[in-house]
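Input: a single structure, listed below in structure tokens.
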Amino acid sequence: MSDPQALAEQFDDLGQQRHAAELGMWIFLATEALFFGGLLLGYAVYRHLYPEAWFAAARETEILIGTANTAILLTSSLTMWLAVRAGEEGRRDAVTLALGLTATLGAFFLGLKAYEYYLDWDNSLVPGLRFAFEKADPEHAEIFYYLYFFLTGVHAVHLTVAITAVLVVLFLVRTGRLAYQQSATLTVLGLYWHLVDVVWIFLYPLIYLPGRSQ
Amino acid sequence: MRAIGAFHGLWWPGILVWVTLMALLGLTWGLAYVPMGVFNTVVSMGIGTLKALLVALFFMHLKESGPVLRLAACAGLVWLAVLFAFTFADYLSRGWGPG
Amino acid sequence: MNTIVDAQGSGSSGGSGSHSLPRQAERGVGREEATSYLTAGHGVKSWLFTTDHKRIAILYALTITVFFFIGGAAATLIRMELFTPAGDLVSAEGYNKLFTLHGVIMVWFFLVPAIPATLGNFLLPLMLGARDLAFPRLNLMSWWLIVIAGAFVLYVLVMGGVDTGWTFYAPYSTTYSNGYVVAAAAGIFVSGFSTIATGLNFIVTTHTMRAPGMHWFRVPLFVWSIYATALIMLLATPVLAMALLLIMIERLLGVGIFDPALGGDPVLFEHLFWFYSHPAVYIMILPGMGVVTEIVTCFARRRIFGYQFMVYALLSIAVVGFFVWGHHMFVAGQSMYAGLVFSFLSYVIAVPSAIKVFNWTATLYRGSIVLDAPMLYALGFIGLFTMGGLTGLFVASLPIDVHVHDTYFVVAHFHYVMVGGMVSAFFGGLHFWWPKITGRLYPEAWARFAALLMFFGFNMTFFPQFILGWMGMPRRYHEYPSEFQVYHVLSSAGAVVLGAAYLLPLGYFLWSLRYGQPASDNPWDAKGLEWRTASPPPKHNFPSTPRVDEEAYDYHPPRRPPGGHLDHPSDGRPAS
Ligand code: HEM
Ligand SMILES: [Cu+2]
């Protein structure tokens, strides 16, 4: 089982290596929080300054797609978690199946997202390129849509990276080139995947839900 | 189903977390249409935080993690709070008195 | 007074060194056992794709030296232009491009990586007793990233520059500037990922790879300073990255959130920018504080005064440094009440800085002080940093800053900390660890001369700028009324001296690589694990993992300072 080399030469033992890898990923996630934080601050400031425009603009988002995508990502977190658990028990088939499902769900998300962007284009909601907004205060509604594209765009980039990483690990596990039971690879991959999910958990109420009750 | 068989014995407690997450999603979606004034925002962000917490504690294993990992996990959020707090210290007090 | 002298110095200064003997005996030990990191692997590829933290440190050192000279060339042109009141050498626009290039390169391509990525990279694993950093390939990647980032900046330079100032304020940068804003911002964006990767590596290494016995309060203060720096790198840099990304997209697409003409708020950009950039000035000073602590203890043969206070001071600077950014925005349209809070908090952050200065001074007290080159640099740091810090309090005071904001007073303030402080510390550290890094001794007399010259040249360059600023000379202008000329001439003349003082070490360091005496493992008779291995160290640092069984800076028995009797060399010798 442990034919591929698991311990890198700078570490004394696998426990130390695992701890380093997990800590490294958590720290990276903290930096990601601040990276998105810059955008979220912009969101908060303009929402505070121009609430009317904000609600009017948010009402025009595609809530069905947004909600479906949230469900998809939440489910993908479950399958990712299954992959990590299966890895701990050394069940290779379960790992590859779970990773495959995770990547597929991620791809579904991106597909729906692309369709949503297409609809936005159709509805002239793309700032700078094609923007026409008849409801109140088009100038500030445009800022909302600018932030919407920015937030979801940066998120989609992260998801693309995550899907790629999942596929690479899937390949390595299948071909027996990764000591997945000993190394922290699956755990760390999972952490990253869940972060992408968590970011979306917050984007959902910020983008799709405001102003629905008015 | 093949999937069910392949994951035999692995589901717990993940599946329960997932069901809760889906329920919360439905709840927040529905409540968004109920007029509650500012509480619409409070509720939707509150539910969002709850969902994120579930993912972090269970899916990301924070529940079983040591103090250093928890600290790292919190650091980003605490600093984010600093960024927001001081920036809004400016925006919220712009309208006050002579300034 | 006893002198710690290297073999070179003991010949020239009359052989007063009581510590040359053990060193002679140790010389060469360990070098036969394992080949040094310098000889393990040959050819360009073994360097460009190395994962050895020591080689990566060397790569970084070479890279930032190149940038230091490009940034220095821009500074030279600036000082030449300011020699006369008329704008005769460059146009107003050319001048804008010069100070922007100078700032961008010196901040992100020299000062931020200066100590962490060179000395920190080299020393952190050695000081902790580890074989390498936790993620050696990530370390290599961060070097490659800074090279790619640098390529962007060089592209900007070749294409005709950028004129926004290093601060990239909107809407000038997003809408009105004619320069290559996007490429410059992209370069800094990429360099940010390099910084983040480095910081992450340092933190994880410090947490997980300390040698047995190295508990948290035995960690050398240089490592603590790097740790605190890394915290800032990780928590501040992502926000800058996002701010620059927003600038780039806004400029490319003509929509955005900072341009008031499009409904945006330019002050928001300043918040995002200074949320990074004030903490970042501490990225540019904390590692210097760490270096100075190592040097001061060694050359005073003293335990550090108040070790734990020093640790808490470093950490509190790192944290409180995030609460004060608004002091850059007193006159930017920020609310007056926020200004008051930021002004008050800026005073608070001076407290831990003052604690550090106090503790260095207390360490010197009753030490047997040796004024070798590293110590001269360290003392220069303490003096100049104090000046910079005190004038920081001037500008942190809201009413004073309304008066001196955007004048040369601010320019002098930050050059005292960044150049007087950090660059002095960098040179001090280079001299201190040069024997360890290269296995060679540099000529001590020349080095002392260069250190003194640097102190003198620095003050001559920047002290007149305090006066200029106080008199009302604004920054970032290429011409000025003639009553300011005398100070500008002084400053430009000082810059010539300063330039010479920077070139000198380059000369004798290169010379020493070939002709310098071979260094022993511990030429300064210093404490710390890095001195317990060969000079230069073998590829994996130590023949076997070292054990730590003494406190940091164990230069004398607890509570028995060396006073004047250092003729018991056993007091200061590492346990062997
Ligand atoms: C005692 C601690 C310090 C305080 C209270 C302080 C305060 C200030 C204030 C209030 C300003 C804004 C002045 C203005 O623009 O009108 C300023 C500018 C600046 N400070 Fe400090 N400072 C401190 C330490 C440092 C350190 C350690 C560094 C760097 C290593 C530094 C680098 C800078 C820089 C680069 C600027 C100018 C930025 C620009 O506008 O281009 N400061 N400082
Ligand atoms: Cu500042």
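Only Cα sites of the protein assembly as shown enter the Debye sum here, all with the same form factor; the resulting log10 I(q)/I(0) across q = 0.07, 0.08 1/Å is -0.59, -0.77, listed in q order.
Counting only protein heavy atoms and a 1.4 Å probe, segment A:14-207 has 33 square angstrom of accessible area per residue. If one computes the Cα centroid of segment C:354-433 and of segment C:83-115, what distance in Å separates the two points? That distance is 23 Å. Just check segment B:1-64 against the gyration tensor rule for me: Cα atoms, a ≥ b ≥ c as the square roots of the eigenvalues, rounded for a/c under 1.5, and otherwise prolate or oblate depending on whether a/b exceeds b/c. Note, shape of segment B:1-64 comes out oblate. Checking the cross-link pairs C:Lys45/C:Lys527; A:Lys113/B:Lys63; C:Lys356/C:Lys539; C:Lys356/C:Lys436; C:Lys436/C:Lys527 against a 23 Å limit on the alpha carbon distance flags C:Lys45/C:Lys527; A:Lys113/B:Lys63; C:Lys356/C:Lys539; C:Lys356/C:Lys436 as lying beyond it.
Angle of helix C:136-159 to the longest C-alpha principal axis of chain C, folded into 0 to 90 degrees and rounded to 10: 40°. Placing unit charges on the Cβ atoms only, positive for Lys and Arg and negative for Asp and Glu, gives the protein assembly as shown a dipole magnitude near 1740 debye about its Cα centre.
Seen against the Cα atoms of chain C and their longest principal axis, helix C:266-283 is set at about 10 degrees.
For the residues of A:80-86, the average number of beta carbons from a partner chain within 10 Å of their own beta carbon is 6. Per residue of peptide B:47-60, the mean number of Cβ atoms on other chains within 10 Å of the residue Cβ is 6. Angle, helix C:181-208 long axis vs. longest principal axis of chain C, Cα atoms, 0 to 90°, nearest 10? So the helix axis and the longest Cα principal axis differ by about 30 degrees. When peptides A:32-43, C:506-517, B:18-29, C:450-461 are sorted by average Cβ neighbour count within 10 Å, with the highest value leading, the order is A:32-43, C:450-461, B:18-29, C:506-517.
Protection proxy ranking of C:157-168, C:411-422, by the mean of other Cβ atoms within 10 Å over each peptide's residues and highest first, is C:411-422, C:157-168. In this structure segment B:1-64 gives 56 Å² per residue of accessible area when probed at 1.4 Å with all protein chains present.
Inter-chain neighbour count for A:67-79: the average number of beta-carbon atoms from partner chains within 10 Å of each residue's beta-carbon is 4. Using a probe of 1.4 angstrom, how much of the accessible area of chain C is carbon and sulfur, in percent? Percent of accessible area from carbon and sulfur atoms in chain C: 69. Computed with a 1.4 angstrom probe on protein heavy atoms, the A-C interface buries about 2900 square angstrom of accessible area in total. For C:Glu93, the shell of other residues with beta-carbons less than 14 Å away shows a net charge of -1, using +1 for Lys and Arg and -1 for Asp and Glu.
Solvent-accessible area of A:Thr61, all protein chains in place: 10 Å² (probe radius 1.4 Å, heavy atoms, ligands and nucleic acids excluded). Net charge of the neighbourhood of C:Gly41, taken over other residues with C-beta under 13 Å away and scored Lys/Arg +1, Asp/Glu -1, is +3. Between segment B:1-45 and segment A:38-62, what's the alpha-carbon centroid distance in Å? Going from one Cα centre to the other spans 25 Å. Size estimate for chain A follows the Kirkwood approach: the inverse of mean 1/r over distinct Cα pairs works out to 18.9 Å. When accessible surface is computed with a 1.4 Å probe, chains B and A are found to bury approximately 4400 Å² between them, both chains counted.
Using the rule -39500 (n - 2.57) for each DSSP H run of four or more residues, divided by the residues of the protein assembly as shown, the 222 nm mean residue ellipticity is -22000 deg cm²/dmol. Judged by the ratio a/c of the largest to the smallest principal axis of the C-alpha gyration tensor, chain C counts as prolate, that ratio being 1.5 or greater while a/b is larger than b/c.
Shown for segment A:14-207: the carbon plus sulfur share of the solvent-accessible area, taken with all protein chains present and a 1.4 angstrom probe, equals 64%.
The values are calculated or read from the model by the stated rules, or taken from the named source; none is laboratory data. Note that the structure is a prediction, hence the values are computed from the model and not measured. Backbone-built Cβ (ideal geometry, glycine too); neighbour counts: all protein chains shown. Ligands, DNA and RNA are excluded from the accessible area calculation, which covers all protein heavy atoms including side chains. Shrake-Rupley method; radii C 1.70, N 1.55, O 1.52, S 1.80 Å.
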